[in-house]
Amino acid sequence: MLGHRQGQVSVFHLALIAALAAALPASAATFPANAGSLGAIADGGGGTPPIYGASRDVTFTVGGLGGTLSTVSVDVTLTHTWVGDLDVVLKAPGGAPSLVVVSRIAVTTAGSFGDSSNYSGAYSFSDAAAGTNIWTVATTGCDDLCNVAAGSYRTTGAGAAGQTNPPPVTSLNATFAGLTAPQMNGTWTLTFRDGGAGDTGSVSAASLTLTSTITLARPVDFTGDGRSDFSIVRNTGGGPSGNITWWNGDAASTAFTTQIFGIATDFFTPGDFDGDGKIDIAIWRPGAAGAAGFWILPSSTLSAYFVPFGQTGDDPTVQGDYDGDGKCDLAVYRAGLAAGDQSTWYYKSSLTGAVVATSWGKNGDFPAPGDYDGDGKFDFAIQRNNGGGQAIFWIKQTTAGVVTYVFGTPTDLVVPGDYDGDGKTDLATVRGVGGALRWFYRRSSDGVIITQDFGLSSTDFPCQGDYDGDGRTDIAIWRPSATPGVTAFWVSKSSGGVLIRQWGQNGDYPVANFNSH
């Protein structure tokens, strides 16, 4: 059975996020220092060091990053006599975590003034500097007549009594990696302090480079183990307003969970709304504007909440990560009212909280959302009748702009996924041919179109997902049966072989069934 089914559960179609990659390519961004924060470094006080003068706080305004932070580097153009005076510390927004970048070179005993060579040039600090220790460079040569060579260095601990010379290098990445979007977006601070009298300097330029990695949960992966789970919903309350029970079976074991959530007339719209790498149980309930919206049960807190969004007639099966922060955004597709009228996509950014409206598609088109360019952000995509028995996909990518592909027929079911494992959603459809389900997908990696018969068109529900955890979408179906113990998921694994898992009973609905339009 290609499309949505009518019966105990719901007359509505279901969908899940279509970005199936476990981890998308990392994204690096460089943020220059705020111009007003650059300038002279105040001199320290006289006496036994360190007696610090007023700090020079060089700031960087970071915004628009999603996912989790993976690498950090900082560049600074600096002049300062007597490197043993200077203390430099990088702090994340809010002041923590923080790490000494370089501090009081050659101070190894209490009251020491450290090394007398000078900073003069552009210095880069990163974990990629191959272990180059700035202490070694500074203390080799001509003391106050020498400038520490400009170049790339590792960070090192602060000079202090008992410190070895040179001290071991430290790690920017180990200190800051793992910060989430709310933690890394904001004001970073690179603080310079002078700890001794008589020598000064200034910061004329600086930049901070951050790399974040967006990790997305596999569709229907409620456990976060990198495999789509076997999941069905069942009307256990009876009738159109009966309570729905979710049965979620782990793909890698016999473990399963149950959860009562939603009623039979809801749309079932699970996604990773809290960004913890696990799919959250969620539904969308139709109604008037202000009353319709999403109920979400986040896996991180198990505390359900409601967000008003959309209105009756909208399609809420287009939720996905539109802002690239690694979290599923609430979204609906609102078709034009009459033939040829403009359709509109609405999503609520989990990064900023703003509601974004984008006109894309027309009445009669079918939405086909996914990340077709692999940049970590969902694209607006529709399938349209192109005439002559052909369909055409119109995709508004966040990188390449508008692209089109003639693919499939207008009556095909859209079943997008990352079938070749390259981090991009592939064009994919399925149709009934001679009693079989015939799958078609176009590999985004090389443009080759693959065809495979798998499943029966009279009974089966397409349920593609990554059930073997190899990063590629598996062709899969759920086959109901009136015979107890026979209803099952069938998976044509991309890693090879067929997996059969008895799950559910006749009258249930497989959560991994995608849009049927």
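Under 24 Å from the Cα of Lys278, which lysines turn up, not counting those fewer than eight places away in the same chain?
By straight Cα distance, Lys278 reaches Lys327, Lys348, Lys377, Lys424, Lys493.
How large is the accessible surface per residue of segment 259-359, computed with a 1.4 Å probe and reported in Å² as a whole number? Can you show the working numbers first?
Details: 3690 Å² over 101 residues.
Here the per-residue accessible area is 37 Å².
Evaluated at 10 °C with a viscosity of 1.306 mPa s, what Stokes-Einstein diffusion coefficient in µm²/s does segment 75-205 have when Rh comes from the Kirkwood expression over alpha-carbon pairs? It would help to have the intermediate numbers written out before the result.
Working: Rh = 15.0 Å.
Stokes-Einstein gives a translational diffusion coefficient of 106 µm²/s.
Rg/Rh for segment 29-141 to two decimals, with Rh computed the Kirkwood way over all alpha-carbon pairs.
My calculation of the ratio gives 0.97.
Determine the per residue accessible area of segment 75-128 with all protein chains present and a 1.4 angstrom probe, expressed in square angstrom.
Numbers: 1650 Å² over 54 residues.
The answer is 31 Å² per residue.
Taking the Cα atoms of segment 124-268, report the difference between the largest and smallest coordinate on each principal axis, in whole Å and largest first.
The principal-axis extents, from largest down, are 87, 31, 27 Å.
Specify which residue in the list Gly471, Gly434, Leu456 is farthest towards the positive end of the charge dipole of segment 410-487, using unit charges on the beta carbon of Lys, Arg (+1) and Asp, Glu (-1), about the Cα centre.
Sorting the options by dipole projection puts first Gly434.
D for segment 402-476, whole µm²/s, Stokes-Einstein with Kirkwood Rh over alpha-carbon pairs at 4 °C and 1.567 mPa s: what number?
D = 102 µm²/s.
Gap in Å between the Cα centre of segment 37-103 and the Cα centre of segment 407-421?
Using only Cα atoms, the two centres lie 51 Å from each other.
Which percent of the accessible area of the chain is formed by carbon and sulfur heavy atoms (probe 1.4 angstrom)?
On the way: 10280 of 19070 Å².
Percent of accessible area from carbon and sulfur atoms in the chain: 54.
How big is segment 212-273 by Rg and Dmax over its Cα atoms, in Å?
13.4, 47
How far is it, in nm, from the label point at Ser253 to the one at Ala42 when both lie 7 Å from their Cα along the line to the Cβ?
Once both label points are built, they end up 5.8 nm from each other.
The values are calculated or read from the model by the stated rules, or taken from the named source; none is laboratory data. Since the model is a prediction, treat every value here as computed from it, not as a measurement. Positions of Cβ are generated from backbone atoms using ideal geometry, with glycine treated the same way; all protein chains shown enter the neighbour counts. Keep in mind that these areas ignore ligands, DNA and RNA; they rest on the heavy atoms of the full protein, side chains included. Shrake-Rupley method; radii C 1.70, N 1.55, O 1.52, S 1.80 Å.
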